[in-house]
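Heads up: the structure comes next, in structure tokens.
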Amino acid sequence: MQQSVSKSIPSPDIRRCSEALLALAPTLMQSLRAGMRNGRGPELSVPQFRVLVHVCMRPGATLRHLAELLGVSTATTSRMVETLVLRGLLVRKPGEADRRQVSIALTRAGQAMLDQAHILARAQFETRLADLDAASLTTLSTALELLHGLFESERTPWTALDEHPEHDPEERS
């Protein structure tokens with residue numbers, strides 16, 4: 001009896017899992033892009049959304065650090081950040097120890113835009129997940145937590161603006 005059970009449950013396969021991850025990442029990003037293009041979100045491109053997310057989750061991020069996270073050049077990152085600074089969504093802060101070391105922070109408007117985009121993106125994914133049963137959702141949740149543990153290192157969780165006491169409220173407008 002146990003033989004038939006073991007035959008029906010495939011053994012873990014690292015290559016198959018890695019291929020599934022490689023196939024899923026672009027699909028998730030395509031879904032996110034489509035939702036933003038369809039006017040269901042704030043006037044924010046997916047790369048701009050990613051910049052805001054990284055700045056929110058990694059306070060004190062620098063241009064170089066953001067460029068590495070986004071997988072683009074520092075020049076490209078600089079242009080994206082400049083656009084978001086001009087829109088009042090980000091602010092540049094000189095470093096305390098080295099004024100040449102500039103960190104990037106969200107403004108109140110940036111946090112509000114990010115929160116709005118996050119809510120809409122989450123709703124879009126919730127619509128896709130709504131057809132799953134409780135057992136499937138539990139399995140997926142467990143798998144996602146495992147993936148976070150494998151791929152996410154030292155990040156600040158997504159929190160409300162009021163929960164960031166280290167930010168100077170005067171620089172957020």
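The values are calculated or read from the model by the stated rules, or taken from the named source; none is laboratory data. What you are looking at is a predicted structure, and each value in this text was computed from that prediction instead of being measured. Cβ: placed from backbone, ideal geometry, glycine included. Neighbour counts: every protein chain shown.
What to note about this one:
- Failed item, numbered, when T27 is tested on (1) without any contact (Cβ under 8 Å) to a residue 40 or more places away in the chain; (2) farther than 25 Å from L144 by Cα: (2)
- Taken over the range 114-123, residues that are in contact with a helix residue (DSSP H, G or I) (Cβ under 7 Å, 6 or more places away or on another chain) and either farther than 19 Å from L32 by Cβ or at pLDDT 85 or above (or both) amount to 1.
- Yes/no for V72 being outside any helix (DSSP H, G or I), at pLDDT 90 or above and touching a Ser or Thr at 6+ places or on another chain (Cβ under 6 Å): no
- Selection within the range 80-107 - assigned to a loop (DSSP other than H, G, I, E, B), within 22 Å of the chain's Cα centre (by Cα) and of a type in the set (D, E, K, R): R87
- Selection status of Q116, within 21 Å of A67 (Cα to Cα), in contact with a Pro (Cβ under 8 Å, 6 or more places away or on another chain) and surrounded by fewer than 20 Cβ atoms within 10 Å (Cβ to Cβ): no
- Of the residues making up the range 68-93, those that are over 21 Å from A117 (Cβ atoms) and without any contact (Cβ under 8 Å) to a residue 60 or more places away in the chain are E68, S73, T74, A75, S78, R92.
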